[in-house]
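The values are calculated or read from the model by the stated rules, or taken from the named source; none is laboratory data. Here the structure is a predicted model, which is why all the values come from computation and not from measurement. Counting neighbours? That spans all protein chains shown, and the Cβs are built from the backbone with ideal geometry, glycine included.
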């Protein structure tokens with residue numbers, strides 16, 4: 001599967017899901033269990049992506065400069081610092097820790 | 001009249017403010033997409049056609065971890081993250097009203113922010129204004145900043161030297177953070193993260209992230225640790 005295939009298939013599916021809400025009567029989907037489950041799926045996938053992006057390395061698990069960077073990001077989000085600034089700060093922490101060569 | 005309707009004016013102001021703030025994320029998306037191995041065209045087409053941030057970040061995150069072999073897992077991850085848009089569309093469809101060309105564009109623009117701004121308005125006219133202004137500002141802003149980010153990312157070279165791998169993790173954390181207001185999503189987040197990390201050494205990249213969705217489905221269907229829905233009878237506990 002080429003990267004273009006992945007992009008186009010996933011984009012069509014994303015639009016298809018948005019259209020579902022325009023064609024399906026609200027009473028079918030607008031019930032507590034589907035709504036709650038859809039919201040929790042978002043939470044579980046984002047949390048899994050945070051974890052894998054922080055300690056994953058292919059099929060291995062490693063602790064490197066990403067871990068302190070994400071901890072700093074969590075602290076800044078808790079302080080309500082804007083998204084873009086936190087993302088830049090996390091990158092800066094990891095880049096600085098790698099600079100002296102004492103963290104990979 | 002529209003120009004003097006204070007509810008519409010307030011909706012337009014909210015839409016512009018939210019739209020400009022959110023559009024800035026596009027820079028981080030563009031840079032991270034290029035760091036994940038996409039070219040500038042692929043990055044820009046993703047923002048133009050998919051146009052839902054969480055799914056876009058998920059797609060490039062899984063591709064970064066597993067390459068083209070993780071394509072199916074990348075598609076499923078991004079699609080699962082897009083399911084909430086179907087629920088938002090239930091709210092935005094009546095705001096938009098009839099007419100299919102308009103509804104198709106409105107569906108494309110139905111995302112966290114347009115749903116939030118439009119449903120927060122008090123009058124139908126203000127809801128419509130809030131939806132279209134937020135959608136237009138973010139659509140233009142998100143795509144312009146995606147291109148800027150992709151061009152920057154292209155200049156940066158090795159993403160690890162610049163800490164862009166850590167920036168990707170922080171970006172996901174930023175998308176997750178506002179959803180962690182009650183115990184149930186916090187427990188699901190911890191469970192999903194643990195499942196993904198524990199499975200990482202044993203199954204191909206991308207699949208551990210999908211496995212985390214099982215945690216959400218189990219907790220969602222059983223409503224473990226959840227509040228009782230208002231339609232249910234309140235128990236003695």
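For the stretch B:44-53, name all the residues that are facing chain A (nearest Cβ under 7 Å), part of a helix (DSSP H, G or I) and buried (at least 22 other Cβ atoms within 10 Å of the Cβ).
Looking only at the stretch B:44-53, we keep the residues that are facing chain A (nearest Cβ under 7 Å), and these are B:45-46, B:49-50, B:52.
From what is left, the residues that are part of a helix (DSSP H, G or I) are B:45-46, B:49.
Selection gives B:46 alone.
Taking the stretch A:65-98 as the search range and keeping residues that are outside any helix (DSSP H, G or I) and more than 9 Å from chain B (Cβ to nearest Cβ), which one is nearest to residue B:178 (Cα to Cα)? Before you say what the answer is, go through the steps one by one.
At the first step, the residues of the stretch A:65-98 found to be outside any helix (DSSP H, G or I) are A:65, A:79-82.
Subset that is more than 9 Å from chain B (Cβ to nearest Cβ): A:79-81.
Values: A:79: 12, A:80: 10, A:81: 12 Å.
Among those residues, the one meeting the criterion is A:80.
Given the options B:45, B:27, B:96, name the one that is in contact (Cβ under 8 Å) with a residue 60 or more places away in the chain and out of contact with any strand residue (DSSP E or B) (no Cβ under 8 Å at 6 or more places or on another chain).
Details: B:45 fails: in contact (Cβ under 8 Å) with a residue 60 or more places away in the chain; B:96 fails: in contact (Cβ under 8 Å) with a residue 60 or more places away in the chain.
Exactly one of B:45, B:27, B:96 is in contact (Cβ under 8 Å) with a residue 60 or more places away in the chain and out of contact with any strand residue (DSSP E or B) (no Cβ under 8 Å at 6 or more places or on another chain), namely B:27.
Regarding the stretch B:60-72, can at least one residue be identified that is farther than 30 Å from residue B:161 by Cβ and facing chain A (nearest Cβ under 10 Å)?
Yes, the stretch B:60-72 contains at least one residue that is farther than 30 Å from residue B:161 by Cβ and facing chain A (nearest Cβ under 10 Å).
Only one of A:31, A:36 is at pLDDT below 95 and more than 7 Å from chain B (Cβ to nearest Cβ); which?
On the way: A:36 fails: more than 7 Å from chain B (Cβ to nearest Cβ).
Exactly one residue qualifies, and that residue is A:31.
Looking at the stretch B:81-120, which of the residues that are assigned to a loop (DSSP other than H, G, I, E, B) and either within 19 Å of residue B:137 (Cβ to Cβ) or outside the structural domain of residue B:7 (by TED's automatic domain parsing) (or both) is farthest from the chain's Cα centre (by Cα)?
Per the stated criteria, the residue is B:120.
Please determine whether any residue of the stretch B:214-226 is closer than 23 Å to residue B:70 by Cβ, surrounded by 17 or more Cβ atoms within 10 Å (Cβ to Cβ) and outside the structural domain of residue B:74 (by TED's automatic domain parsing).
Here is the first cut: in the stretch B:214-226, the ones closer than 23 Å to residue B:70 by Cβ are B:214-217.
Narrowing the set further to residues that are surrounded by 17 or more Cβ atoms within 10 Å (Cβ to Cβ) leaves B:215-216.
Still in the list and also outside the structural domain of residue B:74 (by TED's automatic domain parsing): B:215-216.
Checking the stretch B:214-226: at least one residue is closer than 23 Å to residue B:70 by Cβ, surrounded by 17 or more Cβ atoms within 10 Å (Cβ to Cβ) and outside the structural domain of residue B:74 (by TED's automatic domain parsing).
Residue check: is residue A:90 farther than 18 Å from residue B:59 by Cα and surrounded by 14 or more Cβ atoms within 10 Å (Cβ to Cβ)?
On the way: farther than 18 Å from residue B:59 by Cα: yes; surrounded by 14 or more Cβ atoms within 10 Å (Cβ to Cβ): yes.
Yes: the conditions hold for residue A:90.
So which residues in the stretch B:192-209 are facing another protein chain (nearest Cβ under 8 Å), surrounded by fewer than 21 Cβ atoms within 10 Å (Cβ to Cβ) and part of a helix (DSSP H, G or I), if there are any at all?
B:194, B:197
Check whether at least one residue in the stretch B:155-178 is at positive phi, surrounded by fewer than 15 Cβ atoms within 10 Å (Cβ to Cβ) and either in a loop (DSSP other than H, G, I, E, B) or more than 7 Å from chain A (Cβ to nearest Cβ) (or both), and report yes or no. Show your work before the answer.
From the stretch B:155-178, those at positive phi are B:157, B:163; that's our starting set.
With the extra rule that they be surrounded by fewer than 15 Cβ atoms within 10 Å (Cβ to Cβ), the set shrinks to B:157.
Next, from what is left, pick out any that are either in a loop (DSSP other than H, G, I, E, B) or more than 7 Å from chain A (Cβ to nearest Cβ) (or both): B:157.
Checked against the condition, which is being at positive phi, surrounded by fewer than 15 Cβ atoms within 10 Å (Cβ to Cβ) and either in a loop (DSSP other than H, G, I, E, B) or more than 7 Å from chain A (Cβ to nearest Cβ) (or both), the stretch B:155-178 yields at least one hit.
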